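J.: I'd like to ask some things about the structure below.
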Amino acid sequence: APSVAGLARWVESGVVGGRVGVGVRERPAVVPLSYAQRRLWFIDRLEGPGATYNVPLVLRLTGEIDRPALRAALRDLTTRHESLRTVYPEHDGVPCQHVLDPVAGAPELEEAHVAPDALRAAVEETVLPGFDLATRPPLRVRLLTTGPDTAALVLVMHHITGDGWSHAPMLRDLSAAYAARRAGEPPQWQ
């Protein structure tokens, strides 16, 4: 409304500009990419898979690691966050989003035992390969064990699915899911 009087009438009417409220909706058969996703998809197609848009996170872990609980927590994480199990194929020559079901989209926990002085090279080996955005979920997870009670958990996601700001909620949810799974329970998300 261009005037205060017009704005007051608009507010009093209760009309919200004709916008549809936020709610659960049926997903269309073909889900388009956002502008940012389209840009990253195009660069990926132009340059090919590479590490330029990989977003790595390396966590140093100490103590006993409950591997079944960690695997279950990773499945819980990707079940909760669809973007971590979304692939970006083409449909009639146009890129689109395809959300994989929680089982097909769950990340595999790759494991390797490495000498402490080889940890950096093993992390780089995990972080540097690109992703095939059309067929594979944009999340890679590897547990690098360096000793009886020391390891590094390497999580790498493509920028098309998240960024540095995504680390905090991702780690919060992974930590909550891991704690719940260690207790023999599924996580109780709010």
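A short reminder: the numbers here are calculations on the coordinates, not readings from a lab. These figures come from a predicted structure and were not determined experimentally. Note that we place each Cβ from the backbone using ideal geometry, even for glycine, and neighbour counts take in every protein chain shown.
J.: Roughly speaking, what is the centre-to-centre gap between the stretch 122-141 and the stretch 39-80 when only Cα atoms are used, to the nearest Å?
T.: So the separation of the two Cα centres works out to 7 Å.
J.: Output the relative contact order of the chain, whole-number percent, from Cα pairs under 8 angstrom with separation of 6+ residues.
T.: Computed over the chain, the figure is 27 percent.
J.: Hey, another quick one. Can you give the helix-only mean residue ellipticity at 222 nm for the chain, where every DSSP H stretch with n ≥ 4 adds -39500 (n - 2.57) and the sum goes over all residues, rounded to the nearest 500 deg cm²/dmol?
T.: Using -39500 (n - 2.57) per qualifying helix, the result is -10000 deg cm²/dmol.
J.: With +1 on each Lys and Arg Cβ and -1 on each Asp and Glu Cβ, and nothing else charged, work out how big the dipole of the chain is about its Cα centre, in Debye to the nearest 20. Can you show the working numbers first?
T.: Details: 20 positive and 22 negative charges, 111 e Å.
Approximately 540 debye in magnitude.
J.: Ok, one more. Under 14 Å from the Cβ of ALA73, count the other residues' Cβ atoms, weight Lys and Arg +1, Asp and Glu -1, and hand me the total.
T.: Net local charge, ALA73 excluded: +2.
J.: Computed FRET efficiency, Cβ-Cβ of HIS98 and TYR35, R0 22 Å: what is it to the nearest 0.05? Intermediate results must be reported in sequence, preceding the final value.
T.: Working: r = 19 Å, r/R0 = 0.84.
With a Förster radius of 22 Å, E is 0.75.
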